[in-house]
Amino acid sequence: MAYLWYKAFHLIGIVVWFAGLFYLVRLFVYHVEADAQPEPARTILTQQYQIMEKRLYNLITTPGMAVTVVMAIGLLTTEPDVLKSGWLHFKLALVAVLIAYHFYCGRLIKQLAENRCNWSSQQLRGLNEVPTVILVGIVLLAVFKQSLPIDTTILGIIGMIIAMVVIIQFYAKKRQENSTTSLAQKQQ
Ligand code: HEM
């Protein structure tokens, strides 16, 4: 019974953690774009984004990660034999990358607050897709376990990354066109 409780809260922690990670980097995108606004909009917007980023990271994202990891430890102590499974080793490698991403986002919050962030809004849009790829990999491993078809999964993930790059480029072009049109309309 304890195992099921741990698993349920493991899943709840994951949802909270990912909601935080996805929203956080979206806020970074808006924060960087606000930097290009004229004053006083620039100061008002960037200060507001700083507050939102810190609160989201400290009150939602990091607690979500903590619940996920603590519940995972609960799962492993209840069923220590799972530790021998190959799928779990792959999953832990992906979780390590995700945790590194989490703390890197924490560093980006500080860099943005100190105006030292070198990422463009377009690059941040790409960065925001990193947890999506990790999520797909981890969930497939957790659900299929040792019966996961590796070749198909790798091909599927590569296809997904290509599709994301194409979509991000497409929307970048669209945004560029829209801003050129609205500038031309203002000048008329
Ligand atoms: C801290 C590292 C983690 C460890 C040690 C861990 C370990 C485990 C274990 C032992 C199970 C139970 C497997 C079963 O009973 O079938 C499980 C379930 C699951 N985990 Fe994790 N996990 C970790 C992080 C994550 C993360 C970050 C995600 C999502 C991105 C995730 C997604 C899942 C899912 C979806 C299940 C349910 C699988 C099922 O019931 O079919 N885990 N995890």
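The values are calculated or read from the model by the stated rules, or taken from the named source; none is laboratory data. Small disclaimer: the values here were computed from a predicted structure and weren't measured. When we count neighbours, we look across all protein chains shown, and the Cβ atoms used for this are built from the backbone with ideal geometry, even at glycine. Surface areas here come from the heavy atoms of the whole protein model, side chains and all, with no ligands, DNA or RNA. Shrake-Rupley method; radii C 1.70, N 1.55, O 1.52, S 1.80 Å.
State which residue is farthest from G126 (Cα to Cα) when the search covers only the range 35-53 and only residues that are hydrophobic (A, V, I, L, M, F, W, C) and at pLDDT below 95.
Result: A41.
Could you grab me the full set of residues in the range 53-63 that are touching a residue at least 12 places away in the same chain (Cβ under 8 Å) and either acidic (D, E) or under 14 Å from A19 (Cα atoms) (or both)?
Selection gives E53, L56, Y57, I60, T61, T62, P63.
Please identify the pairs in which a residue from the range 8-29 that is within 16 Å of the ligand (Cβ to nearest atom) has its Cβ atom under 6 Å from the Cβ atom of a residue that is among the small types (G, A, S), counting only partners at least 6 apart or on another chain.
Listed pairs, sorted by first residue: H10/A72; G13/G64; V16/G64; W17/G64; G20/G64.
Among residues belonging to the range 23-50 that are of a type in the set (F, W, Y) and open to solvent by 70 Å² or more (accessible area, probe 1.4 Å), point out the one that is nearest to H102 (Cα to Cα).
Y23
Would you mind finding the one in A66, A36 that is of a type in the set (A, V, I, L, M, F, W, C), more than 9 Å from the ligand (Cβ to nearest atom) and not in a helix (DSSP H, G or I)?
Unique residue meeting the criteria: A36.
For the range 162-184, state whether one or more residues are within 20 Å of A96 (Cβ to Cβ), touching a helix residue (DSSP H, G or I) at 6+ places or on another chain (Cβ under 8 Å) and surrounded by 10 or more Cβ atoms within 10 Å (Cβ to Cβ).
No, the conditions are met nowhere in the range 162-184.
State yes or no: is W5 more than 10 Å from the ligand (Cβ to nearest atom), modelled with pLDDT of 95 or more and either part of a helix (DSSP H, G or I) or within 15 Å of I109 (Cα to Cα) (or both)?
For W5, the condition - more than 10 Å from the ligand (Cβ to nearest atom), modelled with pLDDT of 95 or more and either part of a helix (DSSP H, G or I) or within 15 Å of I109 (Cα to Cα) (or both) - is met.
Return the residue satisfying two criteria in turn: it lies in the range 98-141 and is touching a Leu at 6+ places or on another chain (Cβ under 9 Å), assigned to a loop (DSSP other than H, G, I, E, B) and modelled with pLDDT of 95 or more, and of such residues it is farthest from the ligand (Cβ to nearest atom).
W119
Anything in the range 60-74 that is touching a Gly at 6+ places or on another chain (Cβ under 6 Å) and β-branched (V, I, T)? List them, or say none.
Scanning the range 60-74 gives I60, T61, V67, T68.
Quick check: anything in the range 81-97 under 30 Å from A34 (Cβ atoms) and part of a helix (DSSP H, G or I)?
Yes: one or more hits.
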